[in-house]
Amino acid sequence: MANYFRSIPNISYDIYGTAPNNYQTVTNIMMRPKFKPSVIDEISQYYPYYIKDGERPDTVSFDTYGSVSYSYLILLFNDIQDPIFDWPLGSQQFESYITNKYGGVDTALATTKYYYQIIRAEVARTGTSELIPEVKYIIDATTYASLDASSKTTITAYDWELELNEEKAQIKLIDSSLIQDVDYKVKRLFST
């Protein structure tokens, strides 16, 4: 991650904001390139990756590319703004998060986060083993109570948080044959 900040330009900034102005040279942390969807589409050699429990951007970079210096590209390519909250939590961190937010795992499991009306049930796609996911909409508790059991469902706070965490674990990695070229081009963006 240190290499990421080396390529970001510095600016003069008055840290205290009082007269007389006292400018200091600092890293411009507001400068952050973002891959446009069209650029991501042009980098056709990438593949899906599922982040395993306990992996960090630097460990994924090292295991994939042989260097931790590309971890910033993993974050940029997947539009991860905050590596603390946008990166999936490990199992122990997740339990601590649930305990802090809901008072405990049991409470989160007992708390209904959303009530859903099922518009279309999950069905098998014709001729394949793929499933077409169910279509459901969030509704209020009163509407939920009036529906037939086959057309409604709920999700607990724990399961909802778990789904969000698992979605964060699905990222894309740039093919290792292109990573040096992409790194060079991103660093040139910073220098211009």
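The values are calculated or read from the model by the stated rules, or taken from the named source; none is laboratory data. Given the structure is predicted, the values throughout are model-derived calculations rather than measurements. With ideal geometry, Cβ positions are generated from the backbone for all residues, glycine too; neighbour counts draw on all protein chains shown.
May I ask you to say which residue of Ile138, Ile155, Ile171 is modelled with pLDDT of 85 or more and within 30 Å of Phe62 (Cβ to Cβ)?
Details: Ile138 fails: within 30 Å of Phe62 (Cβ to Cβ); Ile155 fails: within 30 Å of Phe62 (Cβ to Cβ).
The unique qualifying residue is Ile171.
So, in the range 149-192, of the ones that are acidic (Asp, Glu) and in a helix (DSSP H, G or I), which residue ends up nearest to Phe94 (Cα to Cα)?
For the range 149-192, the residue satisfying everything is Glu161.
Need pairs with beta-carbon distance below 8 Å; first residue closer than 13 Å to Tyr115 by Cα and within the range 154-167, second at pLDDT below 95 and among the small types (Gly, Ala, Ser); sequence gap 6+ or separate chains.
Pairs found: none.
Between Pro83, Pro88, Pro33, which is part of a loop (DSSP other than H, G, I, E, B) and at pLDDT 95 or above?
Within the list Pro83, Pro88, Pro33, the selection yields Pro88.
Looking at Ile11, is it assigned by TED's automatic domain parsing to the domain that holds Ile74, at pLDDT below 75 and aliphatic (A, V, I, L, M)?
Answer is no for this residue.
What's the total number of residues in the range 91-111 that are surrounded by 20 or more Cβ atoms within 10 Å (Cβ to Cβ) and modelled with pLDDT under 95?
Number of matching residues: 0.
Can you tell me which of (1) in contact (Cβ under 8 Å) with a residue 12 or more places away in the chain; (2) not in a helix (DSSP H, G or I) is the one Gly127 doesn't meet?
Just one mismatch for Gly127, condition (1).
Which one of the conditions (1) of a type in the set (A, V, I, L, M); (2) closer than 26 Å to Gly54 by Cβ; (3) not in a loop (DSSP other than H, G, I, E, B) does Ile118 fail to meet, given that it meets all the rest?
In the conditions (1) of a type in the set (A, V, I, L, M); (2) closer than 26 Å to Gly54 by Cβ; (3) not in a loop (DSSP other than H, G, I, E, B), Ile118 misses (2) alone.
Evaluate the following for Tyr72: is it of a type outside the set (D, E, K, R), touching a residue at least 60 places away in the same chain (Cβ under 8 Å) and not assigned by TED's automatic domain parsing to the domain that holds Ile51?
Taking the combined requirement at face value, the residue does not satisfy it.
In this structure, is Ile138 in a strand (DSSP E or B) and surrounded by 13 or more Cβ atoms within 10 Å (Cβ to Cβ)?
For Ile138, the condition - in a strand (DSSP E or B) and surrounded by 13 or more Cβ atoms within 10 Å (Cβ to Cβ) - is not met.
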